[in-house]
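Just so you know, all these numbers are worked out from the coordinates, no wet-lab data involved. Computed from a prediction, not measured in an experiment: that's the story for all the values here. Note that we place each Cβ from the backbone using ideal geometry, even for glycine, and neighbour counts take in every protein chain shown.
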Amino acid sequence: MAYISKRNRRKEKERQTAANNRSELIAAGFKRRDLLKMGLLTSAGMLIPKKGLSAHPITSAGMVFDDPQSPPTTPFVENMPRLPVLAPVASLTPAPTIAPNTAAGEGRTVSHQAFAQFPPQRFYELIQQQGTVLMAPAGELPPQTIWGFNGTTPGPLIVERYGNLGSPGNGSILVRQRNNLPSNNGGFGFPSVTTHLHNGHTPLESDGFPCFFFTQGQFYDYHYPNVYAGINSTHPGTGDIKEAMHSLWYHDHRIDHTAENTYKGLAGTYILFNEFDTGNENTGFRLPSFGDGQNPLTSFDIYMVFNDKVFDEQTGLLRFDLFNTDGILGDKFLVNGKINPVLHVSPRRYRFRWLNTGPSRFYQMFVLGPNNTTKSFWQISTDGNLLERPVQVNSARFSVAERVDVIVDFTGQAGKTFYLENRLEQDDGRGPTGDVLGAGQGTKILKIVVDGPAVPDNSVNPATIPAGTYFYGFPNTNDVPRITRTFRFERGNGQWQVNGQLVGSCSAAPRFRIKRNTVEKWIFQNNSGGWQHPIHMHFEEFQTLSINGNPPASTGIIQRGRKDVFRLEHNMEAQVYFRFRDFVGRIPLHCHNVVHEDHAMMVLGAIDDVGDNNTQP
Amino acid sequence: MTDLKRRSLIAALGAAPFAVPLLAKAQTLDANPKFKVIPSRERIRQRYFPNLVLTTHEGKQVKFYDDLVKDKIVVFNMFYAKCEGICSPVTRNLVRVQNLLGDRVGKDIFFYSFSLKPKEDTVAALKHYAEMHKVKPGWLFLTGTAEDMELLRRKLGFVDPDPEVDKDTSNHIGVLKYGNEPLERWGGCPGMQAPDAIAEAISWVDWPEDSAKKNGGAK
């Protein structure tokens, strides 16, 4: 694409100018702290774009105009919060019902389909409500008004277990959500919600379909049986253990308004353990212990929620670009709700669960060590699904909504400091440029200091695992698909489209109908060199059959991993393999750049017992 | 669209405006001299709604914020009168939306189409375009100085991050922005979306007495 290379040349020149300017300032004796004081450096280490100083040059007339710059904040002061674990409640009033309890104010419109089969064993409550939080060190930014689950962002961590094989349903839970959001939104936020459990194998009335929203004062009972796919079909009574999922998250999915609501805070995390991934490093796969999720001496399994935000330069308050349709980038990077926090660890192995909640940025995360060294780590999952075995990598790339579980080994590193560094260059909401910056040249997001006390480490050392499958292995992809469908993600007349069509009305008939308990092959196409899209399908994980005609190599363990978000990069075509099992209902396929998603880049379909033959929905 | 469906949609939209005062009570913040306390509605006005003087297809001079946006539910799009491509289909589509919304349009819901080519879009050309498409009251076609119209286009986000693509006006014509100014609820959708889907999206930013009663559901 001609304009891409032209753009790259211009950017390269701007970057070079910025680098020269920085070098001059440093040569003149200015230290980082001086630059911060002068307001010329952002917390993330980026020079503010005055007089060609920016390391992230502004690239188009559209972006130059009123491009927001957050006020300065001091990085790496506050501790990274560990997400609080949500406790179950003894009972719910009124008691949950199979049919929607409309009279009592339930906003659900479809009866629970698996309630009698998997009666809930535990109950939880989540309330969508306003809260006040500090995102920066005290005094640097004003208290922020957010919308969060139980008033917090990220929302509380739900930790649950699959029922053991042979006794499915023991993990069944019901989460009652109540919409207590205010009418006064403080500038953005839409007080009508629907919550997607990403990416539970969940009866679809509890999946958070974008049109199944409920309004202020209403509640909605979400039934999560926490069973493996195949439970009512290919693997009756047990489900297929190879379909286990471990790192999930829940977030608002209100049609047309997901970006502002998730940006305002409506997202939380969800972990599933079982008898293999036990949360205890002395049993099963012996992955680092979860403990109680809080105690640094016993909790070594840590969920990290990344997002980027902008704060208004005049009010210091969270700012959302109301009229943006391309994608929104922030210049402040948050982990678990704090801008550039610090994590203190002990010299041992940790499991980090990385999640990018967007709105639009892609990451390529490295562990930066002293003297700009790059520390390798072990990737153990794709989108929360364990691989065949841990894979040693130097980085992991993840777009919006993707999850990556990793094991980072700090054994023998006492006294050292590391950073999680994003080296993937991205200048606007279209997606990353594809350039990966050098060590120390990216954005430092989290500081990790190995100054915790020495503690025992009984977790498996991935380096010592013998050859072959260590976790579950992958399901086969040999069954003949009932149908092959093509989904082309494109832009026309400034509008996001899938197969040339727009999302349409909530009351329109489903664009495609999948027949329950069948296999489908889907082709995702991106014919553009300008845009990238994280493509998400609800309810089922897929396996990649090929990318641009090339099947993943048998050694490509990460490429073969089960996923629910396909990172559709420039000019890419991918073939993926789905099994749709067990439950029926409404289901969306969409771009998870939440700004694209809100502007019609979505297809509303269904799973039923008939199916259709629409090859280009 | 059946009459029944049209009537029920109009009923669902209701007709009772509810306005939050523009200078709502300031949020309680800790005293931080670095920052100003500005009500969010006012901050949105400062960011997005310059009070430019525009000219309507009826030859009337209006102020963008004071006369067109303040206290209203509004729908914005871009067009130009001699446009051969997507302008007419989008305008025809919006005429259907206007019909679906009934007499709410002109009462508390307003449609505004802004010229992308103000130099050639004279009042007469705009008037001809409006009459040709049989638009009803409550929908204005607007022009102004080239600088003002360019500022407005950028303020309202009818832009493409790629400068080459941004030069192609057809990329700005396919998009609608809509919102409820006093309630600070804004959204965008494609101009070629099905008319009932556009009317549905606008109904979601309706005054709370009406929209609060609606909940989800799909066939």
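Charges at C-beta only: +1 for Lys and Arg, -1 for Asp and Glu. How large is the resulting dipole of segment A:435-518 about its Cα centre, in Debye rounded to 20?
Charge dipole, segment A:435-518, about its Cα centre: 720 debye, nearest 20.
Taking GluC sites (Glu not before Pro) that fall in a DSSP loop and have at most 14 other Cβ atoms within 10 Å as cut points, what is the longest piece of chain A between them?
Longest run free of exposed loop sites: A:314-617.
For segment A:262-365, divide the Cα radius of gyration by the Kirkwood radius and give the resulting Rg/Rh value with two decimals.
1.07
What residue among A:L86, A:M135, A:S183 has its Cα farthest toward the positive end of the dipole of chain A, where the charges are +1 on Lys, Arg and -1 on Asp, Glu, each on the Cβ?
Working it through, the farthest residue towards the positive pole turns out to be A:M135.
Just the Kirkwood number for segment A:102-300, please: inverse of mean 1/r across all distinct Cα pairs, in Å, one decimal.
18.0
Find, among the trypsin sites (Lys or Arg not before Pro) in segment B:128-194, those assigned to loop by DSSP (not H, G, I, E, B) with at most 12 other beta-carbon atoms within 10 angstrom.
Those satisfying the criteria are B:K134, B:K167.
Mind checking the dipole of segment A:245-393: about its Cα centre, +1 per Lys or Arg Cβ, -1 per Asp or Glu Cβ, Debye to the nearest 20?
Here the size comes out at about 520 debye.
Rounded to the nearest 500 deg cm²/dmol, what is the calculated helix-only ellipticity per residue at 222 nm for chain A, with -39500 (n - 2.57) per DSSP H run of length n ≥ 4?
One gets -2000 deg cm²/dmol as the mean residue ellipticity at 222 nm.
Using the Karplus curve 6.51 cos²θ - 1.76 cosθ + 1.60 with θ = phi - 60°, what ³J(HN,Hα) values do you get for each residue of segment A:356-366, in whole Hz, with x for Gly and Pro?
Each residue's phi maps through the Karplus curve to give 10, 9, x, x, 9, 7, 9, 10, 10, 8, 10 Hz.
How far is helix A:2-27 tilted off the main Cα axis of chain A, in degrees rounded to 10, range 0 to 90?
Helix A:2-27 sits at roughly 50 degrees to that axis.
Given a cut-off of 32 Å, name the pairs among B:K34/B:K70; A:K375/A:K563; A:K521/B:K167; A:K338/B:K63 whose C-alpha atoms lie farther apart than that in the structure shown.
The answer is A:K521/B:K167; A:K338/B:K63.
Report the dimensions of the protein assembly as shown along its three principal axes from the alpha-carbon atoms, largest first, rounded to Å.
Result, largest extent first: 81, 72, 54 Å.
Per chain A: cysteines with no other Cys C-beta under 4.7 angstrom?
Singleton cysteines: A:C591.
Could you sort out which of B:K82/B:K119; B:K72/B:K107; B:K107/B:K136; B:K155/B:K177; A:K264/A:K444 sit more than 18 Å apart by Cα distance in this structure?
Checking Cα-Cα distances, A:K264/A:K444 exceed 18 Å.
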